[in-house]
Amino acid sequence: MTLALPILVSFAAPISAEAESVSLRYYEDIVSRYHGRPALRQEILAAQAGYPIDDLVAPNGLLLLARQGSAVLGCAGMRIRPGDIGEVTRVFVEPAARGQGVGRLLMQNLERESRALGLTALRLDTRTDLIEARSLYASLGFIEGEAHNADPYANHWFRKELR
């Protein structure tokens, strides 16, 4: 019997090869879901270009990667916004790793890091078709509420008070 390696979550530079690779897979997934068909390479790159990640580094934010051995299973990022609010972004789990608690582990680590930074709340946006994400956020105590941005692809906004 072979034991599975533990899933470890750690900080990553958004410009690292691992982060760029998982970012492409994230955009491939969400663009494909949005269109209801496999995404074209130019659609993936255009979507990625519209949402830069160079600010997901201290002191403006952070990027976490979940790894099992050498495999990157997912990512989650957070930007620090005015009012000591963390804006969650880029939450993604590889399809083969879904249902194994990777998203929950990433979000729990992100929340712990946000508390350590003294943030008072986390907020995020998502879409109707990202059913698993909405379910995860609700199970972690995020409450759906009013829009906090004008992102044309978002139609659900969540917030979690940290204090």
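Sorted from largest to smallest, which semi-axis lengths in Å does the alpha carbon gyration tensor of the stretch 1-70 give for its equivalent ellipsoid, taking the root of 5 times each eigenvalue? Please report the intermediate quantities before stating the final value.
Working: eigenvalues 122, 77, 15 Å².
Whole-Å semi-axes of the equivalent ellipsoid: 25, 20, 9.
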Counting only DSSP loop positions in the stretch 8-116, the chymotrypsin sites (Phe, Trp or Tyr not before Pro) whose Cβ has at most 10 other Cβ atoms within 10 Å are none
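In deg cm²/dmol and to the nearest 500, what is the mean residue ellipticity at 222 nm of the chain if only DSSP H runs of at least 4 residues count, each as -39500 (n - 2.57), divided by the residue total?
Details: 4 runs with 52 residues, N = 163.
Roughly -10000 deg cm²/dmol at 222 nm, from the helical runs in the chain.
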Just report the Cα centroid separation between the stretch 88-115 and the stretch 126-163, whole Å. 14 Å
Counting other Cβ atoms within 10 Å of each Cβ, which GluC sites (Glu not before Pro) in the stretch 54-163 have at most 11 and sit in a DSSP loop? 146
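When only Cα pairs under 8 Å and 6 or more residues apart are kept, what is the percent relative contact order across the chain?
Working: 250 pairs, mean separation 29.1, N = 163.
Rounded, it is 18 percent for the chain.
Any number yet on Rg/Rh for the chain, C-alpha, Kirkwood?
That ratio equals 0.94.
Readers should treat all values here as calculations from the given coordinates under stated rules, not as data from a laboratory. Just so it is clear, the structure is predicted and the values come from calculations on it, not from any experiment. Cβ sites come from the backbone with ideal geometry, for glycine too, and all protein chains shown count toward neighbours.
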